[in-house]
Amino acid sequence: NKCNSGTISMSTYHQLKAQTQSNQSEIKTYLGQDYLVVPVIAMVEGVRFGAAQDNAELGLASDFGKYPVAWNNKPLVSGHPKVNGSFVSANHVSVLQDWGFGFTNNAKVVNKKLHLEAWISLSRASELEEVQAFVDKIEADEMIEVSVGFFSDVEATTGTYNGQNYSGIWRNIVPDHLAFLIDELGACSIEDGCGVPR
């Protein structure tokens with residue numbers, strides 16, 4: 001589990017009620033619930049050192065962006081979920097009950113960057129203090145660090161990309177979740193070009 005282009009819009013299937021919130025976010029209603037929808041850059045091609053990595057590895061847009069639709073409908077979580085100190089998939093009911101607060105949508109890759117929308121449940125924000133803190137920051141146009149969680153194979157090869165050394169390349173990426181981070185940098189940080197709102 002790494003902790004660091006077809007697009008199907010939900011509006012194709014469901015009527016959405018939208019209300020403008022700010023330049024970068026808006027409130028939408030989906031299946032009777034209100035969500036704060038905000039743009040995210042979740043990954044940028046480059047050398048990354050994630051939470052579950054022992055060495056720096058290269059993430060190529062041709063791999064993480066091979067099937068952008070696979071990044072849709074992945075859970076939003078506060079930090080990368082752990083059970084007994086080990087990273088776990090966010091796609092379990094027991095994990096979602098404690099960690100989940102929305103989902104991803106409208107993923108696409110543009111200029112070697114993974115763009116998507118974060119749909120943040122406002123009802124979860126009213127229940128969870130850390131989620132409300134994320135909403136408050138977004139409404140104040142403050143940037144939040146994010147990190148993708150995924151499974152992958154690692155091709156054992158060394159090289160240099162944009163002056164940075166790596167000892168493996170991510171292959172066969174299977175998306176799992178998008179983590180919003182509190183007081184820590186993402187493997188692809190705001191400085192690297194990732195984050196929300198962006």
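The values are calculated or read from the model by the stated rules, or taken from the named source; none is laboratory data. As the structure is a prediction and not an experimental result, all values here were calculated from the model. As a convention, Cβ positions derive from the backbone with ideal geometry for all residues, glycine included, and neighbour counts pool all protein chains shown. Surface accessibility is based on the protein's heavy atoms, side chains included, excluding ligands, DNA and RNA. Shrake-Rupley method; radii C 1.70, N 1.55, O 1.52, S 1.80 Å.
Quick one: P(r) of region 142-195 from all Cα-Cα pairs, 5 Å bins, percents rounded to integers, in order of increasing distance.
5, 17, 19, 21, 23, 12, 3, 0
If you take the Cα atoms of region 45-198, find Rg, then find the Kirkwood Rh from the mean of 1/r over all pairs, what is Rg/Rh?
My calculation of the ratio gives 0.96.
Between their Cα atoms, which of Lys82/Lys108; Lys74/Lys112; Lys66/Lys112 are more than 22 Å away from each other?
Correct reply: Lys82/Lys108.
Take the alpha-carbon centre of region 55-97, take the same for region 116-153, and report the distance between them in whole Å.
Region 55-97 and region 116-153 have Cα centres spaced 14 Å from each other.
Arrange the peptides 156-169, 115-128 so that the one whose residues have, on average, the most other Cβ atoms within 10 Å appears first.
115-128, 156-169
Excluding ligands and nucleic acids, what accessible area in Å² is computed for Asp176 using a 1.4 Å probe, to the nearest 10?
10
Can you compute the FRET efficiency between Ala52 and Thr157 using 1/(1 + (r/R0)^6), with r the Cβ-Cβ distance and R0 = 25 Å? Round to the nearest 0.05.
Efficiency at R0 = 25 Å is approximately 0.85.
If the only charges are +1 at each Lys and Arg Cβ and -1 at each Asp and Glu Cβ, what is the size of the charge dipole of the chain around the Cα centre, to the nearest 20 debye?
700
Could you sort Val146, Val110 by their accessible area in this structure, using a 1.4 Å probe and putting the largest first?
Working: Val146 0, Val110 60 Å².
Descending accessible area places them as Val110, Val146.
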